[in-house]
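The block underneath contains the structure these notes are about, expressed in structure tokens.
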Amino acid sequence: MTETKIKNIIFDLGNTLVYFDFNYFYDGVARLEKKLNPAAMKRFILEKKLADKLCKGTINHKEYFRILKKKFNLKIGFNDFIYLYRDIFWSNNSMKGFLEKLSRTKRFRLYLLSNVDSYHINFIDKNFPFVRLLRNRVLSYKTGSIKPQRKIFLEALRKFRINREETLLIDDMKDNCESARKIGINAIQYKSHTVFLKQFTKLIKQN
């Protein structure tokens, strides 16, 4: 990592600030649709890259619902479907405390960069208000690109008007961290909060 002073911190959202598990969605739909194999629906969504398309904004949620309804002959209504689709998150309280502390110190400029769709970010903002501390955001469904694509990182640098060498990405995905590093952004892969704090403290001590 570079020894340039870190002034900007870009947070990932899923499995960094809040945890999520899409199996809650698949299993929830299967509880209402007794003939549905949740593993088959999950496999279909992955094969057709439907989640990526939602995050890129190339399909909307009603289109997503219609595709799955037709494929699996779903009887569930759209409102129940979306309720289950959104309710898959829980707070990472360790990172919540970390972000709140950073926000109070005003030592760094703080940002959010996430592969996310409109329904999920609205749900998260409503139910996990600490995420709203990150008002400066680049969200994939608004940009048409997703991490680890180079384009979305460049869009963040452009929108925030920040120097890449002075910027740190915190993200749970190895590919996203590597992509950021390739264009000169510092990155820490978030897996364990204890390990993360050690890495973060070591990096910031270089400042």
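Dividing the mean sequence gap of close Cα pairs (under 8 Å, 6+ apart) by how many residues segment 22-86 holds gives a relative contact order of 41 percent.
Seen against the Cα atoms of the chain and their longest principal axis, helix 150-160 is set at about 60 degrees.
Mind telling me which of THR58, THR194, THR105 comes out most flexible in a GNM of the chain, alpha-carbon contacts under 10 Å? So, out of THR58, THR194, THR105, the one fluctuating most is THR105. Principal-axis analysis of the Cα atoms of the chain puts helix 38-47 at an angle of about 60° to the longest axis.
Relative contact order of the chain: 31 percent, from C-alpha pairs under 8 Å at least 6 residues apart in sequence.
Couplings for segment 182-197, taken from phi via the Karplus curve 6.51 cos²θ - 1.76 cosθ + 1.60 with θ = phi - 60°, read 4, 9, x, 8, 5, 8, 10, 7, 8, 10, 10, 5, 5, 5, 4, 4 Hz in order; Gly and Pro are left as x.
Add +1 for every Lys or Arg and -1 for every Asp or Glu among the other residues with Cβ under 13 Å from the Cβ of ILE88, and state the total.
Values: positive: LYS42, ARG86; negative: ASP21, ASP27, ASP87, ASP117.
Charge balance in the 13 Å sphere: -2.
When +1 charges are put on Lys and Arg Cβ atoms and -1 charges on Asp and Glu Cβ atoms, the dipole computed for segment 108-193 relative to its Cα centre reaches about 260 debye. Loop-located chymotrypsin sites (Phe, Trp or Tyr not before Pro) across segment 26-119 with a Cβ neighbour count of 10 or fewer within 10 Å are lacking, with loop assigned by DSSP. Beta bridges from DSSP with both residues in the chain: antiparallel share about 15 percent, rounded to the nearest 5.
Rounded to whole numbers, the Karplus 3J(HN,Hα) couplings from phi for segment 112-129 are 10, 9, 9, 7, 7, 9, 5, 5, 5, 5, 5, 5, 5, 4, 6, 9, 10, x Hz, using 6.51 cos²θ - 1.76 cosθ + 1.60 with θ = phi - 60°, and x at Gly and Pro. For ALA187, the shell of other residues with beta-carbons less than 12 Å away shows a net charge of 0, using +1 for Lys and Arg and -1 for Asp and Glu. When LEU113, LEU134, LEU154, LEU13 are sorted by how many other C-beta atoms sit within 10 angstrom of their C-beta, beginning with the fewest, the order is LEU154, LEU134, LEU13, LEU113. Amide H to amide H distances under 5 Å link VAL116 with SER140, TYR141, where only residues 5 or more positions off or on other chains count and H is placed in the peptide plane.
Can you give the charge dipole size of the chain about its Cα centre, rounded to the nearest 20 debye, using +1 on the beta carbon of Lys and Arg and -1 on the beta carbon of Asp and Glu?
On the way: 43 positive and 20 negative charges, 83 e Å.
Using Cβ point charges on Lys, Arg, Asp and Glu, the chain gives about 400 debye.
Counting only alpha carbon atoms, the long axis of helix 93-105 and the longest principal axis of the chain meet at about 40°.
Each of HIS193, HIS120, HIS61 was scored by other Cβ atoms within 10 Å of its Cβ. Listed from fewest to most, they are HIS193, HIS61, HIS120.
What number in nm² do you get for the chain if you take the convex hull of its Cα atoms and divide its surface by four?
Working: hull surface 45.4 nm².
Mean projected area of the Cα convex hull: 11.3 nm².
Beta bridges from DSSP with both residues in segment 1-119: antiparallel share about 40 percent, rounded to the nearest 5.
Quick note: the coordinates plus some simple rules give every number you see, no bench work behind them. From a predicted model like this one, the values you see are computed outputs, not experimental measurements. No Cβ is skipped: glycine too gets one built from the backbone with ideal geometry, and neighbour counts run over all protein chains shown.
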